[in-house]
Every structure is written in C-alpha cells, then in structure tokens.
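First up is the structure itself, then whatever we jot down about it.
The values are calculated or read from the model by the stated rules, or taken from the named source; none is laboratory data. It should be emphasised that the depicted structure is a prediction, and the values quoted were computed from it without experimental measurement. Cβ coordinates were reconstructed from backbone atoms using ideal geometry, including for glycine residues, and neighbour counts include every protein chain displayed.
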Amino acid sequence: MKVIYFILIVSLSFLMPQAYALDLGDTLKDVIKSNVSGKTGNDSKEVSSPDAAKNEKRINFRNPSMDEEIQIGREITGNLLGAAPLVNDAALQKYVNQVGRWVANQSERGNLPWHFGVIESEDINAFAAPGGYVVITKGLYRKLENEAQLAGVLAHEIAHVTKSHHLKILQKSQLLDLGADLLGKQLGKNNQIIQKVIGSGAEICARSLDKNAEFEADRMGVTLTARAGYEPYGLPEVLQTIGQTNKNDNSVALLFKTHPHPDDRLLKLDEAIGNRLDAIKDGKTLSNRFYKLKN
Amino acid sequence: MKMHKFLLMALIVLFLPLMSLAAETGSAIKADVIRAEPYADAKKTGDFKRGEKLQILDKKGAWLKVKTAKTGGWVRLLSVKRGAGGSGNQLAGVLDVASGRAGTGKVVATTGIRGLNEEELKNAKYNEAEVKKLESYTQTSQQGNQFAKSGGLKAVKFNYLPESQQGGEK
Ligand SMILES: [Zn+2]
C-alpha cells in the first residue's frame, strides 16, 4: 500500500509545476485526489481531503527510499527479461551471483539485495537497473576468459547502480514528460504507473548515459575489482577484447551507441590509473574456477 | 607407420598454440616506453609511437611483452590495443592461450541468434516469472564473502581512482 501511494505521488508530482515537484506535501495529495476523482488537474491548489491525510507520506522521487528504488529497478529488469530471458543454466546464474555479490560487497551499497543474471542474447552488452539489478548477455560472457574479467564487467555495472546513474536519467528527463499522458486517464496498478515512469518496455536500457558517467563507472569498476582481490586489469582486458570487434558488427551496435568506444575508455582509464595499481601484486584471475558455458 | 602419424598429430597439436601465439598483433594507442622487465623502474629498452604496430608475445599482470620493428620488451597493457585494428581479428591470441582458452568457446551458433536492439528493448513485455527466477539465485552478503574465501580472495584496501592524473577533464 505504501508503495502504491509512493508511485502515485511520484507519477503525479510531475504533473505539477517544477517548483512544487521538489516538495511533495499536502499539495500533491490534493492533486492526486483531484485527478483520481476525474477532475482535470494541472492546478495543484485543490481542496485537501481527510482521507488522503491518513496515508500521508512525504516522498520525493529525487530521493527515493531503498525499497522504492528496488521497485523501479525490478520493473525495468522485468521488461529487459521480457526481451531476452535468462540463460537456462542454474549453475551459471549462481556463479555470476556469487562473483557479483562479492564485488558489490566492496561498494558503499553492500546493503542492497544485489541480483545478477546472464541473458539469452548473442549481443555483447551488460545492463544495470536501480536497486541492484545487473544483467550481462551471453555474448559478452562468451568473451570472458577468467573470473577477474567477469568481476570487472560486473563492477562497472555495480558502479552505475551505486552512483544512481540511471535513476538520475529518469529523474532528469523521462519523468517530466509524463504529465499530459497521465492526465484524464484512469490510474492503473502500481506497476503500470512505474511503466509510465520508465518509458516503453526496457528502452531505458538503450539510453546513453553521460560520457563522464561511463568513464566514472570504469574507474570505479577497476577499483572494486582490485578491492575484491582480483587482478585489477580484468575490465581493461575485456575492453581490449571488445575493441577488436568490428564497429559494423551488429552484436556491438547498441553497446557502441550507448558507451564511448573501448579505445577511448582505455585511454581514460590509463590516465586515471598511471602507476596507482603498481602496488597491487597478487591479484587473482581464478581462471580455473571460471564457469564455462555449456553452449 | 601408425606411430609416425600419431607423432605428427601430436606435433601439430603442440605447435598450434604457438602458431596463433605468434599471430597476435596489436597497435600502440599512445606513445610509451618499452622496458626490459615488467616493472615501472626496469631499464628502458626502447619506445614506440602512437599507432605503431607491434606483436604481443606474453602477458604478466599489467604488462605485455611486445616486439616492435626495432626492439622488444615489456609495456603497460593499457598502452596497447589488441588486434590488427578495425577489421575484427578473430585469431585466438596469446592472451587466450595464456588463460587456457585457445581453441574453445569461440564457436558461436549461427542459428537462432537473438539480438537486443533498441526496437526489441522498446517493445519488451514485462516478464514476472523471469524476474522471480533471477531473484531466486540471489546470494547474501555472507554467501559472497564465503565464495571469495573459497577462492582465496582477500579484500584489499584501495581508494577510488581519481578522474585523471593529467587533468584536462572536468
Ligand atoms: Zn556503462
């Protein structure tokens, strides 16, 4: 119930002038009320209702609680899995969760219930959604040679989550377009409304982040890999491998569209790393424990 | 006669990795120094310019052993880009050999390839069963630690890398 209410508030907050969107108090409840009861509601100054006051909760999408963040990420991930399901290999899925969980433990958000998965797609790509959902394609997994490289790839995605990169995108653009569409419509179930917030299907996964957010995720990815005791060059090695793929190859089309070219990412990493990793001598690759795909 | 054939086969199998090993090419993504050993303070044996072609012979941690037209030695991994450049080099390289991966796993089924383009993402329909399945594999923080321990991994204290040592970027 709390969640439903939150989503209502989140969705409707963007019907309002921006000045109001930052503070979702009584004003917002009034908007909800007027909207649900069928009145047209661009005006936020409606009469308050005692019923609405019972469920009072001041939530702001700009600073969602952990549960709310997870709810949003879960919806996005559900859509992504609708496009490509999990690889039907429980041992593989468990393995990536073990590696991912250990790496995520090195981040500031070890308290999230992190979920990792390999999906049935020959594309080379990986995705992160708010709340700790991380998915990599079988095509990318195929390119990996050891556990340190897997850790590096997952660490880049973990960094996107800990830095709320995708959440920020939702906050910046998508949500603000919601308004007109929701007005005059019967409000549906909570996940239908989240759907509205995240856009069509899993299109948020095809959005490009700011270039600097990607470079940041690379730097953090290398850091988390090193912290986890792995050979820290796992991620750069994968970037070198992916960089060999022909730009016109369909399998990297989306990755190359949403991320800077691997060569640029490597150059930026090189600038940031310099000799800082020289002290790390006994990082492990664990190639003998690396899970081999069945097909 | 049979023995002879067997030996020949054995020789081929033995030398196959070496052949692909020799075939790994790369190019310099920036100018850098070549050193005698894989250490920052090792003796300089030469250098190369950006874009210079080189051969990759071996890998050790953050270092690659390379050979240029003039000289050879160890360079930082991040100064070199693998592959001939742009053409999508499909050869199993020295890095694959080093990790025991050569000759395996490169076979990609050509039927039933599922892409994941923008259109498919946009039209994707929510699948609750798959999310539940994904969540069923979730590991706790403690399980993660246990897994690390079983592989001999130890957490290392290490600060986040700063944006860039050279500046120039906002
Ligand atoms: Zn990224």
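Annotations
- On the stretch given as the range A:203-219, residues that are more than 9 Å from the ligand (Cβ to nearest atom) and either buried (at least 21 other Cβ atoms within 10 Å of the Cβ) or under 15 Å from the mean Cα position of the chain (by Cα) (or both) total 10.
- Within the range A:76-101, the residues that satisfy the criterion of being within 7 Å of another protein chain (Cβ to nearest Cβ) and over 26 Å from residue B:148 (Cα atoms) are A:77, A:78, A:79, A:80, A:81, A:82, A:83, A:84, A:85.
- Tally, over the range A:227-251, of residues that are part of a helix (DSSP H, G or I), within 16 Å of residue A:99 (Cβ to Cβ) and within 8 Å of chain B (Cβ to nearest Cβ): 2
- Test: residue in the range A:156-170 that is over 10 Å from the mean Cα position of the chain (by Cα) and buried (at least 24 other Cβ atoms within 10 Å of the Cβ): yes
- Of the residues making up the range A:116-146, just one is facing chain B (nearest Cβ under 9 Å) and over 20 Å from residue A:293 (Cβ atoms), namely A:133.
- Among the residues of the range A:199-214, the ones that are of a type outside the set (Val, Ile, Thr) and part of a helix (DSSP H, G or I) come to 7 in all.
- So residue B:165, is it modelled with pLDDT of 90 or more and either within 9 Å of chain A (Cβ to nearest Cβ) or at negative phi (or both): no
- The residues on offer are A:294, A:284, and the sole one that is facing another protein chain (nearest Cβ under 7 Å) and basic (Lys, Arg) is A:284.
- All positions within the range A:84-106 that are in contact with a Leu (Cβ under 6 Å, 6 or more places away or on another chain) and within 16 Å of the ligand (Cβ to nearest atom): A:100, A:103
- Identity of the residue in the range B:56-70, closer than 20 Å to residue A:280 by Cα and assigned to a loop (DSSP other than H, G, I, E, B), that ends up modelled with the highest pLDDT: B:62
Conditions tested, residue by residue: (1) among the hydrophobic types (A, V, I, L, M, F, W, C); (2) crowded, with 21+ Cβ neighbours inside 10 Å; (3) away from the ligand (no atom under 16 Å from the Cβ); (4) more than 21 Å from the chain's Cα centre (by Cα).
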residue	(1), (2), (3), (4)
A:237	no, yes, yes, yes
A:240	no, yes, yes, yes
A:246	no, no, yes, yes
A:258	no, no, no, no
A:270	no, no, yes, yes
A:287	no, no, yes, yes
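- Selection within the range A:252-261 - part of a helix (DSSP H, G or I) and within 13 Å of residue A:126 (Cβ to Cβ): A:252, A:254, A:255, A:258
- Within the range A:107-128, the residues that satisfy the criterion of being surrounded by 24 or more Cβ atoms within 10 Å (Cβ to Cβ) and under 17 Å from residue B:143 (Cα atoms) are A:114, A:115, A:116, A:117.
Okay, residues lined up against (1) modelled with pLDDT under 95; (2) within 12 Å of the ligand (Cβ to nearest atom); (3) closer than 24 Å to residue A:82 by Cα:
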| site | (1), (2), (3) |
| --- | --- |
| A:124 | no, no, yes |
| A:132 | no, no, yes |
| A:137 | no, no, yes |
| A:144 | no, no, no |
| A:148 | no, no, no |
| A:154 | no, yes, yes |
| A:158 | no, yes, yes |
| A:164 | yes, no, yes |
| A:168 | yes, no, yes |
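- Residue in the range A:215-226 that is in a loop (DSSP other than H, G, I, E, B) and either of a type in the set (Gly, Ala, Ser) or more than 9 Å from chain B (Cβ to nearest Cβ) (or both) present: no
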